[in-house]
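Below: the structure, in structure tokens.
What follows is calculated from the coordinates using simple rules that are stated; it is not laboratory data. None of the values given here were measured: they were computed from a predicted structure. Cβ coordinates were reconstructed from backbone atoms using ideal geometry, including for glycine residues, and neighbour counts include every protein chain displayed.
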Ligand SMILES: *Cc1c(COP(=O)(O)O)cnc(C)c1O
């Protein structure tokens, strides 16, 4: 299996090459030349998550030396539960927040780190992983790579843009992980990282790569939970569900479209966005206008120019088809709050603000229809928003409690910091 760039102006590469590079050399994003078709074994309900992961992912690595390591990589990476929780006989919530940092980012980050660790040639110097984060990605990547020999990690987060619990998950590491609080916004963090890739010679010298969702190694493992949950859904109800995905940078929902393309039983896919309306406006007008992001209660989805939009558009030959297949709806902060309160009262399910965006869209667009809402983070990560709405304190999961107790290390920098010195320094805070 080969992968080509969405910009189509560099040669095709294997999965390993795509994962190591992060971004294609022409600046595009890697997408598969074709999609493997799911066989009857993968589509049966009675296999474990692990068995399904191995069978879904192996074909992408066909002809790649990493093919032989996929079983090991999956069994290290996916060692936590992935429950499908039923609200009634037709509506379910897919809980993707039972990994170490309590957000779905753990799936991609853990697969990526295990992949690099298991396929990194003996004696090779470590890669340098740069991550800009608005909150959840940085914690997941730091946790996944901590103490691995394959890479050193530098995390950049906006000094006053993350919750205290997110900050703990970003800064409780040390060893091969260094965390920088940038005196600026998430956009400043992203510019710092993007700039590093343009400094002549730095990328080759330091083995720079990105662990943001532009990296194929984060996207492929996310296809598995869509196959898994929709097969279980169909087994119980007899029909294929709609899927509603809380969306920011469009990585997670692209994985859902890839799973559908491979033959997962999915009736349709809906993007649920917060007040950042770039995508619904594009679908309505046909004009793609990137924006500055606006801050909302669902902060991990505050994206004005989603980087994986290129991959989504690449799946469809014409705008007409995009418009037929891709639906997107926007939800306000007031509606987020109202949905968290009401869902708890009616079903007992406690939603994080991101998941509430999707639950709201389900209620309005798919009333009573067979459907799965994707729950992307644990509500305890956003306790200052959720607790007043449900009127009781949330239990803190053990992995978070442990991280909150550890000493924190962060280095404060300005957005115009000289990255050459910083990336080459061995000093860890
Ligand atoms: C990252 C994130 C999202 C958005 O996912 P994308 O792949 O960027 O669209 C949604 N919810 C939570 C909790 C996240 O951390």
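The range 94-147 has equivalent-ellipsoid semi-axes of 23, 13, 7 Å, by the square roots of 5 times the alpha carbon gyration tensor eigenvalues, sorted largest first.
Evaluating kT/(6 pi eta Rh) at 25 °C and 0.890 mPa s, with the Kirkwood radius of the range 87-201 over Cα pairs in the Stokes-Einstein relation, gives 162 µm² s⁻¹. Here the range 152-276 was treated as a single set of alpha-carbon atoms; its pair distances binned every 10 Å from 0 give 11, 29, 30, 21, 8, 1 percent. Largest GNM mean-square fluctuation across 222, 44, 190, computed for the chain with C-alpha springs under 10 Å, falls on 44. If the chain linking residue 267 and residue 122 were pulled fully straight, counting 0.36 nm for each residue of separation and taking away their Cα-Cα distance, it would gain 47.6 nm.
Rg and Dmax of the range 1-47, based on Cα coordinates, read 14.0, 43 Å.
Put a dot 7 Å past the Cα of residue 47, heading toward its Cβ, do the same for residue 332, and the two dots end up 4.7 nm apart. Our summary gives the range 243-296 a relative contact order of 34 percent, counting only alpha carbon pairs under 8 angstrom and 6 or more residues apart. The modelled label-to-label distance for the pair residue 409/residue 195, using points 7 Å beyond Cα in the direction of Cβ, is 2.4 nm. Note that the range 273-355 carries a Kirkwood radius of 14.1 Å, evaluated over its alpha carbons pair by pair.
Derived from the Cα gyration tensor, the three semi-axes of the equivalent ellipsoid of the chain are 30, 26, 22 Å, largest first.
Computed over the range 219-315, relative contact order equals 29 percent, with contacts defined as Cα pairs under 8 Å that lie 6+ residues apart.
When both bridge partners sit in the chain, DSSP labels roughly 20% of those beta bridges antiparallel.
Principal axis extents of the C-alpha atoms in the range 313-429 (largest first, rounded to whole Å): 56, 48, 24.
Just need the relative contact order of the chain here, percent rounded to a whole number, with Cα pairs under 8 Å and 6+ apart.
It rounds to 18 percent for the chain.
Here the range 183-228 is described by how far its Cα atoms reach on the three principal axes: 42, 28, 11 Å, from widest to narrowest. The spacing between the range 349-398 and the range 38-98, judged by their C-alpha centroids, is 24 Å.
Structure remark: mean-square fluctuation, Gaussian network model of the chain, C-alpha springs under 10 Å; the largest value among 254, 318, 128 belongs to 318. For the range 178-235 versus the range 106-176, the inter-centroid distance based on Cα atoms is 10 Å.
Rg/Rh for the range 33-74 to two decimals, with Rh computed the Kirkwood way over all alpha-carbon pairs.
Working: Rg = 10.7 Å, Rh = 10.9 Å.
Ratio value, two decimals: 0.98.
In plain terms, the chain from residue 418 to residue 12 could stretch by 142.8 nm, reckoned as 0.36 nm per residue minus the Cα-Cα distance.
Restricting the calculation to alpha carbons of the range 23-159 gives Rg and Dmax of 16.9, 54 angstrom.
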